[in-house]
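Trainee: What follows is a single structure, and I will ask about it in a moment.
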Amino acid sequence: MATEESPQVTRRATRSYSASNTAIESANPPESYKPTINDLGFRQQPLRLEDLLSSFPGRRSQILELLRLLGPLNSPMFPILVYGGPSTGKTSVTLQVFRHLNRPFIYSSCITCYSPRILFESILNQLLFHRKDSGHSYSSVKRCERPSDFVNYLREALENVITNLKGNSGKVSSKMSGRPDGTMVYLVFDNLERVRDWDKSSTILPFLFNLNDILKMPEVGLIFISNTSPDTYYLNIGYVEPIPLYFPDYTEDDLRHIFMANQTNSRLYASFLDVVLRPFCRVTRQVDELAAAFSSLFKKYSEPLSDKEVAPNEEMKRRLFSHIRPHISSALNETFQVRSQPLLKAEPNQETKKTTGSRMPGIREDFDKIDFHMSTSAKYLLISAFLASRNPATLDASLFDSTGVSDSRKRKRKASEKSMDQKEMAEQELLMKGPGTFPLERLLAIFQCITSLAEDSLDEEESHELTVEGGSGGLMSDVLLQLSSLCNANFIIKGGSCPLEGSTRYRTAVSEDLALKVARSLKFPLSKYLYRR
C-alpha cells in the first residue's frame, strides 16, 4: 500500500547471503551457492534518479542531500548520521540510493545483530563472501568478540575487497555484468539506537563512531541510521562527528501520496482518505501504523459496494461515511489502547471551571499544542514518570485513592510569612536536587491510576458523535515498548540498578513546563497531583 517500502528491495533481503538473516531471502539460492563481489550490490537494474525521487513523496530534499554527501564515484566522504522518527523512510531511501548509484555496501541492522559478536561477524561474513549454511555448520567465517580483533579482520577484508574492485574496474560494463561501480565500500549501520540496549559496557558506540579514524582508509564510508537525534550520542572522546541528515515526519499531503500509490480505484480510495487520514494524523504519522489501521478500515468502508471499481458520487460518499463512522473511534482505540479526551465533545464551560484555579492563570490556548507527535499512551506514561520523579513515594497513597481520584480535601488556613519562606526555600532545594529516581513498579502504578481517572472522566461525559468502544480490554499492551521509546528519545533516563532493591531505576528529564503542556493536550489536571511543600 505504501511506497515507502519498495517491493523491489527490503531491509532484510539486500543480500542473498546476509549472515544474520539467512532465513529471510528474496530468492532462495541453492546450498552450494558461493557469494561473489557482485553480491555487494543489488544485482538489479539501477534506478533512474527520476524513479527514485517519485518513489518517495516528501523526501526529495533528503535524497538529493544524501547524494551530495556521498559525492562522485570513488570520492572519500565524512561519516553520515541519517536520523528521524520511526517509519520516516530512512532505511528505504538509503538502500534505494545505493541501488541508484550501483555502489558496493555492507548493511547490518542492530536489531538482528543484537550483540557485538553477531554485529562484527555479520560484517565480516559479507566482506569475505561467506554464507552461513549447513555446509559450514551455520558458523561464521571468523569468530570475533573483541573490537581489536574486529579491526584487524575488517582491515584485511576491506583491503581484499578494494583490490578486487580495482582489478575489475576496467572490465565489462558493470550494468551488463551486475558488478557494483567504484572502489569505495560503504558500511551501513541501521537502528543504531538499539546498541545501547545490548551494549552493557558502553564501548561499542564510541568504537563505531571512531571507526573511521581507526581504519584510516579513505576507500571506506560509514553511514549510521538512527531513530534518535545526534544529541543522544554525544560522547566525551575525540572523533569526527558524523554529518547529520534529518528525516522529518511525513506531512498529511505526503501520506496521501504514499497511500494513493498503486491503488486500483484511486477515486474510491481518495474518498476513504478524506474521512480517515486527518483523525489518524493527529495521533501518529508512522506509515506502518497507518497502513495496518487503514487496511481493515478500507474493507469496512467498501462493504456496501457491490462493484469495487465504481467511482463514488457525493451521495455515495455520504452513505459510505455513515457506514464507516462508528468504526473510526474503535480503530483508534485498537491502535493506541488509551482513550483520548479530544475524541469526545467536552463542555467548554466545564473545562474552563476546572482550569480557573491553576497556578499559571495567563496561559494562551495555543500553549496546549506540543511541537512533536506522540501517541496518547506515551503522553500518559510521560506524565506518570514526571509525577514519580517530582513527588515523594510516601505520598502516592494520599494523592491517589483506589479509584485514581486525588484526595484534595486538605486543610486550608492562612499561611504565615515564615511558612511561606520555608516553602520557597524547600522548592528551591527541590529544584537544586533535580528529579528523583523511581522503580518500574511505581511508574506502572501511577500510570494505571491516571489512565483510570481519564477513563472515568470520559465515561461521565455523553457524546453522540463518536462513541469510544473497547476501553475495558486493558490499559495498554505495549507499555514497556512505549517506555523504551521514551528512553531512546531522552524523555526518560534509565539509570543503574539499586543495590537494595535489585531493580532498574528511572528518572524523568522533562521540565515542568513541558509536562504541563503535554497534560493540557490531554486535558489532564496535572497541577492537582503535583506535591507542593
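The values are calculated or read from the model by the stated rules, or taken from the named source; none is laboratory data. Just so it is clear, the structure is predicted and the values come from calculations on it, not from any experiment. For neighbour counting, all protein chains shown are included, and Cβ atoms are generated from backbone atoms with ideal geometry for every residue, glycine included. Surface accessibility is based on the protein's heavy atoms, side chains included, excluding ligands, DNA and RNA. Shrake-Rupley method; radii C 1.70, N 1.55, O 1.52, S 1.80 Å.
Trainee: Which condition number does Ile118 fail, the rest of (1) modelled with pLDDT of 90 or more; (2) in contact with a Leu (Cβ under 6 Å, 6 or more places away or on another chain); (3) of a type outside the set (D, E, K, R) being met?
Mentor: (2)
Trainee: Which one of these is of a type in the set (D, E, K, R), in contact with a strand residue (DSSP E or B) (Cβ under 9 Å, 6 or more places away or on another chain), assigned to a helix (DSSP H, G or I) and open to solvent by 60 Å² or more (accessible area, probe 1.4 Å): Arg267, Arg278, Arg256, Arg194?
Mentor: Arg194
Here's the yes/no breakdown for (1) in contact with a Leu (Cβ under 8 Å, 6 or more places away or on another chain); (2) of a type in the set (S, T, N, Q):
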{"site": "Ile37", "(1), (2)": "yes, no"}
{"site": "Gly41", "(1), (2)": "no, no"}
{"site": "Arg48", "(1), (2)": "no, no"}
{"site": "Asp51", "(1), (2)": "no, no"}
{"site": "Gly58", "(1), (2)": "no, no"}
{"site": "Gln62", "(1), (2)": "yes, yes"}
{"site": "Glu65", "(1), (2)": "yes, no"}
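Trainee: Additional query: Hey, can you tell me all the residues within region 82-108 that are in contact with a Gly (Cβ under 7 Å, 6 or more places away or on another chain) and buried (at least 22 other Cβ atoms within 10 Å of the Cβ)?
Mentor: If we filter region 82-108 for residues that are in contact with a Gly (Cβ under 7 Å, 6 or more places away or on another chain), which is where we start, we get 90, 102-104.
Those that are in contact with a Gly (Cβ under 7 Å, 6 or more places away or on another chain) and buried (at least 22 other Cβ atoms within 10 Å of the Cβ): Lys90, Arg103, Pro104.
Trainee: Which number in (1) assigned to a loop (DSSP other than H, G, I, E, B); (2) at pLDDT 90 or above; (3) exposed (fewer than 15 other Cβ atoms within 10 Å of the Cβ) marks the one condition that Asp51 misses?
Mentor: Only one criterion is unmet by Asp51, namely (1).
Trainee: Something else: Check Lys200 against each of (1) open to solvent by less than 70 Å² (accessible area, probe 1.4 Å); (2) outside any helix (DSSP H, G or I) and name the one condition it does not meet.
Mentor: Single failed check for Lys200: (1).
Trainee: On to the next question. Give the residues of region 101-140 that are part of a loop (DSSP other than H, G, I, E, B) and among the basic types (Lys, Arg), sorted by residue number.
Mentor: Result: Arg103, Arg131, Lys132.
Trainee: While we're here: Which residues, counting only those in region 77-100, are in contact with a helix residue (DSSP H, G or I) (Cβ under 7 Å, 6 or more places away or on another chain) and not polar (S, T, N, Q)?
Mentor: Within region 77-100, Met77, Pro79, Ile80, Leu81, Val82, Tyr83, Gly84, Val93, Val97, His100 qualify.
Trainee: For region 206-260, which residues satisfy the criterion of being closer than 26 Å to Ala291 by Cα and of a type in the set (D, E, K, R)? So that I can check it myself, show each step before the final result.
Mentor: Keep residues of region 206-260 that are closer than 26 Å to Ala291 by Cα, which gives 225-229, 245-260.
Of everything in region 206-260, those that are closer than 26 Å to Ala291 by Cα and of a type in the set (D, E, K, R) turn out to be Asp249, Glu252, Asp253, Asp254, Arg256.
Trainee: Consider region 116-149. How many of its residues are open to solvent by 20 Å² or more (accessible area, probe 1.4 Å), touching a helix residue (DSSP H, G or I) at 6+ places or on another chain (Cβ under 8 Å) and among the polar types (S, T, N, Q)?
Mentor: 1
Trainee: I'm checking my understanding of the structure. Among residues of region 374-399 that are over 31 Å from the mean Cα position of the chain (by Cα) and either open to solvent by 20 Å² or more (accessible area, probe 1.4 Å) or at pLDDT 85 or above (or both), which one is farthest from Thr437 (Cα to Cα)? Write out each step before concluding.
Mentor: Applying the first criterion (over 31 Å from the mean Cα position of the chain (by Cα)) to region 374-399 yields 392-399.
The next check asks that each one be either open to solvent by 20 Å² or more (accessible area, probe 1.4 Å) or at pLDDT 85 or above (or both); those that pass are 392-398.
On the way: Pro392: 10, Ala393: 10, Thr394: 14, Leu395: 15, Asp396: 14, Ala397: 18, Ser398: 20 Å.
Ranking the qualifying residues of region 374-399, first place goes to Ser398.
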